[in-house]
Amino acid sequence: MPRLLTQAPRWVREAFGHDWAPVEALSVQAHLLPAMLWDYMLSCAGGFAVICLGESYYLPGPATVRGQLIRNVAFVSVEDLARDNDRPLHVIGHLIDHHLGCGGDLDGPRLTGGGGVTSGWQQAANRLNGLYPLGYGLDEVACSNIRDYFAQSLAIYCRDRQRLNVADPQICRWLRDTIFDERFWQ
């Protein structure tokens, strides 16, 4: 977003040494996700990450950013990047859920809703949907609903796999065998 750091709280400006630093911080987190996933995401129409002020959130459908109409946007808070917390990957997880479920179609089912862009992803979605009701979500966010269960588990898998494995070994195994397995993508 334009003039992002000049509008950010002082502590955020102090956390970043230059205007491009929030982008670098987001890039560091994004690189925790596998290349095969990014290859797929880049092949989709829509699907953006925008660094913003305020809360991190995912907006499916159209959005106007800098005068341009785009769709399916993960708005990542510059404050979350300054805190180096899990929220940026969590919000990107919602974008991934949407695009793996239906390629980002506004009315299509997400992965967590039983969708899947291939038969392999549909089978993976069925397995995922069986895990959430077991109630092993890592934290309050992951326990709130299946979409947050997926997004939070993905974020924690990227940043602290051991912590996720202790709390919910089944989702940890699911992520390892799907999103993080190159053979699954082939």
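The values are calculated or read from the model by the stated rules, or taken from the named source; none is laboratory data. Please read all numbers here as calculations on a predicted model, not as lab measurements. Positions of Cβ are backbone-derived with ideal geometry, glycine not excepted, and every protein chain shown enters the neighbour counts.
Brief remarks on what is shown
- So VAL141, is it surrounded by fewer than 21 Cβ atoms within 10 Å (Cβ to Cβ) and outside any helix (DSSP H, G or I): no
- So MET1, is it touching a residue at least 60 places away in the same chain (Cβ under 8 Å) and in a loop (DSSP other than H, G, I, E, B): yes
- Criterion: modelled with pLDDT of 95 or more, over 20 Å from PHE75 (Cβ atoms) and either of a type in the set (Ser, Thr, Tyr) or out of contact with any Phe, Trp or Tyr (no Cβ under 6 Å at 6 or more places or on another chain) (or both) - qualifying residue of GLY135, GLY101, GLY116: GLY116
- Scanning segment 174-184 for residues that are closer than 18 Å to ILE96 by Cα and either among the aliphatic types (A, V, I, L, M) or free of Cβ contacts under 8 Å to residues at least 60 places away in the same chain (or both) yields TRP174, LEU175, ARG176, ASP177, THR178, ILE179, ASP181.
- Options VAL91, VAL65; residue that is touching a Phe, Trp or Tyr at 6+ places or on another chain (Cβ under 8 Å), of a type in the set (Val, Ile, Thr) and crowded, with 20+ Cβ neighbours inside 10 Å: VAL91
- Taken together, SER43, SER56, SER77 contain a single residue that is at pLDDT below 95 and among the polar types (S, T, N, Q), which is SER43.
- Of all residues assigned to segment 149-163, none qualifies as being free of Cβ contacts under 8 Å to residues at least 24 places away in the same chain, over 23 Å from GLY61 (Cα atoms) and touching a Gly at 6+ places or on another chain (Cβ under 7 Å).
- Unmet criterion (only one of (1) surrounded by fewer than 14 Cβ atoms within 10 Å (Cβ to Cβ); (2) in a helix (DSSP H, G or I)) for ILE156: (1)
- Selection count, segment 20-53, where residues are in contact (Cβ under 8 Å) with a residue 24 or more places away in the chain and either more than 24 Å from ILE156 (Cβ to Cβ) or touching a strand residue (DSSP E or B) at 6+ places or on another chain (Cβ under 8 Å) (or both): 14
- Of everything listed in (1) touching a residue at least 12 places away in the same chain (Cβ under 8 Å); (2) of a type in the set (Asp, Glu); (3) surrounded by fewer than 20 Cβ atoms within 10 Å (Cβ to Cβ), the single unmet condition for ASP80 is (3).
- Of all residues in segment 124-138 being free of Cβ contacts under 8 Å to residues at least 24 places away in the same chain and surrounded by 14 or more Cβ atoms within 10 Å (Cβ to Cβ), the one that is farthest from ASN85 (Cα to Cα): ASN129
- Identity of the residue in segment 27-56, among the aromatic types (Phe, Trp, Tyr) and surrounded by 15 or more Cβ atoms within 10 Å (Cβ to Cβ), that ends up nearest to PHE16 (Cα to Cα): PHE48
- ILE146 surrounded by fewer than 23 Cβ atoms within 10 Å (Cβ to Cβ) and either more than 27 Å from ALA25 (Cα to Cα) or hydrophobic (A, V, I, L, M, F, W, C) (or both): yes
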